[in-house]
1. If you take the residues in segment 733-743 that are part of a helix (DSSP H, G or I) and open to solvent by less than 10 Å² (accessible area, probe 1.4 Å), which one is nearest to Gly508 (Cα to Cα)?
2. Condition first: open to solvent by less than 10 Å² (accessible area, probe 1.4 Å) and part of a helix (DSSP H, G or I). Now tell me which residues in segment 384-395 satisfy that.
3. Go through Gln634, Gln601 for me and flag whichever is within 23 Å of Val870 (Cβ to Cβ), in contact (Cβ under 8 Å) with a residue 24 or more places away in the chain and buried (at least 24 other Cβ atoms within 10 Å of the Cβ).
4. Within segment 777-790, identify whether any single residue is on the phi < 0 side of the Ramachandran plot, free of Cβ contacts under 8 Å to residues at least 12 places away in the same chain and among the acidic types (Asp, Glu), and answer yes or no.
5. Check Glu341, Glu412, Glu375, Glu416 and return the single one that is open to solvent by 50 Å² or more (accessible area, probe 1.4 Å), closer than 30 Å to Phe471 by Cα and in contact (Cβ under 8 Å) with a residue 24 or more places away in the chain.
6. Name the residues in segment 802-836 that are in contact with a Lys or Arg (Cβ under 8 Å, 6 or more places away or on another chain) and under 19 Å from Ser869 (Cβ atoms), would you?
7. Of all residues being part of a helix (DSSP H, G or I) and among the polar types (S, T, N, Q) in segment 324-343, which is nearest to Gly594 (Cα to Cα)? Just the residue, please.
8. Which of the residues spanning segment 311-332 are of a type in the set (Phe, Trp, Tyr) and without any contact (Cβ under 8 Å) to a residue 60 or more places away in the chain?
Amino acid sequence: MATNGRLIAGSHNRNEFILINAEELSRHNEGKELSGQICQICGDGIEKTVDGEPFVACNECAFPVCRTCYEYERREGTQACPQCRTRYKRHKGSPRVEGDEEEDDVDDLENEFGFTNHGDQRGSHHLVESMLNGHLHVGHEDSREVLGTQGSSISDIPLLTYRGEDVGVSPDSHALIVPPFMGGGKRVHPMPFPDSSLSSVQPRPLDPKKDLAVYGYGSVAWKDRVDEWKKRQNKLQMVKHQGENGGNPDGDGPGDPDLPTNDEGRQPLSRKVPIPSSKISPYRLIIVLRLVVLGFFFHYRLLHPVENAYGLWLTSVICEIWFALSWILDQFPKWYPIERETYLDRLSLRYERDGKPSELADIDIFVSTVDPMKEPPLITANTVLSILAVDYPVEKVACYVSDDGAAMLTFEALSETSEFARKWVPFCKKFNIEPRAPEWYFAQKIDYLKDKIHPDFIRERRAMKREYEEFKVRINGLVAQAQKVPEEGWTMQDGTPWPGNNVRDHPGMIQVFLGPDGVLDVEGCELPRLVYVSREKRPGFDHHKKAGAMNALVRVSAVLSNAPYLLNVDCDHYINNSKALREAMCFMMDPTSGHKVCYVQFPQRFDGIDRHDRYANRNIVFFDINMKGLDGIQGPIYVGTGCVFRRRALYGYNAPVREKPPGKTCNCWPKWCCLCCGARRKNRKAKTKEKKNKKLKTREASSQIHALDDSGDGLEASSGVKNSLLPQTKLEKRFGQSPVFVASTLRENGGTIHAADSASLLKEAIHVISCGYEDKTEWGKEVGWIYGSVTEDILTGFKMHCHGWRSVYCMPKRPAFKGSAPINLSDRLHQVLRWALGSVEILLSKHCPIWYGYGGGLKWLERFSYINSVVYPLTAVPLVAYCTLPAICLLSGKFIVPEISNYASIIFIALFVCIIATGVLEMQWGKVGIDDWWRNEQFWVIGGVSAHLFALFQGLLKVLAGVDTSFTVTSKSGDDGEFSELYVFKWTSLLIAPLTLLIINIIGVVSGIANAINNGYDSWGPLFGKFFFAFWVIVHLYPFLKGLMGKQNRTPTIIIVWSILLASIFSLVWVRVNPFVSKSTGPVLELCGLDCDYS
């Protein structure tokens, strides 16, 4: 994709397509290009042609290859350039090989058919090595050795004959195993025999009048050896094409002598690891026991109301019933927890064979960012650098950065990142370092004496660290410069106004920074593709926030690279494990089960969180317990980042259906025995057939029409004008009016249209990111990320599961991704508010899992999980009420339960034991610490009485009254010191509700103690239950109270004033109304103290 360092901007609707000269902003040109004097395969010098020019093997990319390697590749190899994979054309002086095109303008008959001059003796050692090894291995460092000298011998080489020895040829020259003119020098691979030398073989010319078989060419023995080798290789490769059959179609079993007995390449790429029965069986037993105890508990609660505090009793019972339903929705999806293991060595053996191009699938990686002031460019740069340095074939990785804020700061920072990547990527791959985000790599403390690290590594690491510090200075300089925006807007260095000066009204922009046709790294190797994308925005269009940006990246990537798999990460989530993509491919490319996997979700792990994790930012319980449970059903839900998708699943297609084998017929009973129920069975079969036909019609309506031409140029059906127009109309209505993009959707295995030139592809890329492209299409409804909620991740994963797909949860030992989390209390609550608001929007939409998706492929326990993920904000109302009850009980002297009998005591104790046992067993099989579990319980209460409550009201206002809420981007932590953000307090209305609950419960405890002191010793007994209830609330709100106190800042005055005011008003109203105390209807009679009978 050659753009010559220019930014592409344009608008399809306005018919604009502009090339902006932004070379000054892009990376510097390479200091030194490959001169073409050294062959990149064998290391020998490159000859000059008759005209005195250096020999150029490939006219497309000019990859440096000597004449000898070129001749060998055409004769024995792939006949293609190792870099661009373009087929070699015949040069003058080269013999013709099969597949060469006819050449009318070249007169080279003396060399065309291989009858060369006897004196042409250049580099025949390549032929020897190909005959001994069977094929050429290119690019392995460990195989590049210098072999032999002029004074060595090869008497140990076996000779091949052609049905006997030829009398005209000496016995030492029967086969052309060692061709003439062997000399010393560098070779690509070592010879397969030790201590060989070549000087004893005297050169002998070929006689064109003799049969070439005499010299060994085309001999039967040699041909049999080559055919046998090819047969073994084909058998090894057939494993990945067997699919679900599980066996060899030729009938070869494990004992086939042609196959290795311990061939790792034939084994599955992953496996399920069930939880040991010693851990899961007691867990399930406790769940059943807890259900039974809940039945007895509610039986007692409903049959024993509190007469003098009926309102308190009824409120508590309603809250407890809702808590029980929420627990059931949360608990049963964890019934089948599993773990998984991957085998990366088997993946390499199957798809990365020596001497052949890698068969691993291409992957497009999406990075989304909006505001560079809230999402620092240095964090985004580290994420991009970790992607470019990932351990995956370079030509199969493409990184797309979506700048939804059209910020020139992001563009310039990405330009600097692309330049620094030329040094950082080879350093990472040379020393195999982890992680490959420089900010976090250099933050590690390395003991250089522990493992006797090589001095070269220490020297280069120090030099690279200096380079990175300079890179940080440049990025921070750009950030400082961007703080003050000029009145006329930003201007590029060539004087061109920045197209994104108006954030809400600007054209689409695309810049290809790195790629196959771009600059190389400092070691002369290719770099992955890096593309900057900013979609077009115009007033009057709904751009759908992050979901719309992701869909724009789906279309752009389909036009430019069209990888069959996609990975999306947030700008602050870097790749912590360089083999993360290979981990995902172990599931996606597994020939037995990978075809039904729509996405592979990785857990989120975070840096920069305090040791105690005060606000449960790590979400350990969710990622290590809930997600493992879902993986045993139909797969985990999509959490918005760190997820590898199958592109076809994002296009809204149904999962492939496995055809069931035909049912067995009963031949053991006589015919008359089946006559009585024959009609009934027939009717039942007819109804079943009708249902199947309906399902098939539904699937056909949403599936692709495979009769279309796979090239996508014509988009024609197999026959008929009417039939050819109908599929194209359906596709355009579904995917939009871009013929290039529609053609890309037909390529199930990915790949772009090679016939199209760069200009036309870039024009189509600008077209597919135009603001009106999605109008009257199914984007956001059935295709891509689904619109309708600020939490587009839940909707997108839910739709895929409804189409019958399954997902996979991958937890490698080294975390695949790491990111930053808002450790500040206010930012954390705003993040939870956004998640809860999205759940409320889904709950009130047509995509609610309570009533959507029946008749598809969604399993019931998976549906329970999705229902729980959208109804949990409703828990805020009963939770606030339940947290208020302790204060009311202490102030009024009443309680929610009557006097507890022995039967009630047993029930309550059993329920508490079951709750504790469930948590302990979950921590055991989920490998979660008690601290993480307890922090999760605490923040469930804090978030429930604050963010979830506000989200419920905002969602109702948005859906019922049309009052929209603004989307706030969570600020990412900068470099202001460790945990500095933890103690910074920011005003937000979300803090009022939990602080009010905290104050009234403290007031209730003080009031209860005062009443007990005044009323004597007998009043302390009933008070303990109320104290336990109040302390339960206070202990759960303790992290919130600690956050209010802070370390560096005091609590804002307005929060204290509002909380005290509300608590005082509540207390005064309570004293005045006192609703839960029974009122007497008659006059109150009291003794006056006088004796009326005294006369």
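1. My answer is Phe741.
2. If the condition is that a residue be open to solvent by less than 10 Å² (accessible area, probe 1.4 Å) and part of a helix (DSSP H, G or I), then Val384, Leu385, Ser386, Ile387, Leu388 are the ones that fit.
3. Every option except Gln601 fails the conditions.
4. No, segment 777-790 contains no residue that is on the phi < 0 side of the Ramachandran plot, free of Cβ contacts under 8 Å to residues at least 12 places away in the same chain and among the acidic types (Asp, Glu).
5. Criteria check complete, one pass: Glu416.
6. Across segment 802-836, the qualifying residues are Trp805, Arg806, Val808, Tyr809.
7. Out of the qualifying residues, it is Gln331.
8. Trp327
The values are calculated or read from the model by the stated rules, or taken from the named source; none is laboratory data. None of the values given here were measured: they were computed from a predicted structure. Every residue, glycine among them, receives a Cβ derived from its backbone with ideal geometry; neighbour counts consider all protein chains shown. Note: areas computed on protein heavy atoms with side chains; ligands, DNA, RNA excluded. Shrake-Rupley method; radii C 1.70, N 1.55, O 1.52, S 1.80 Å.
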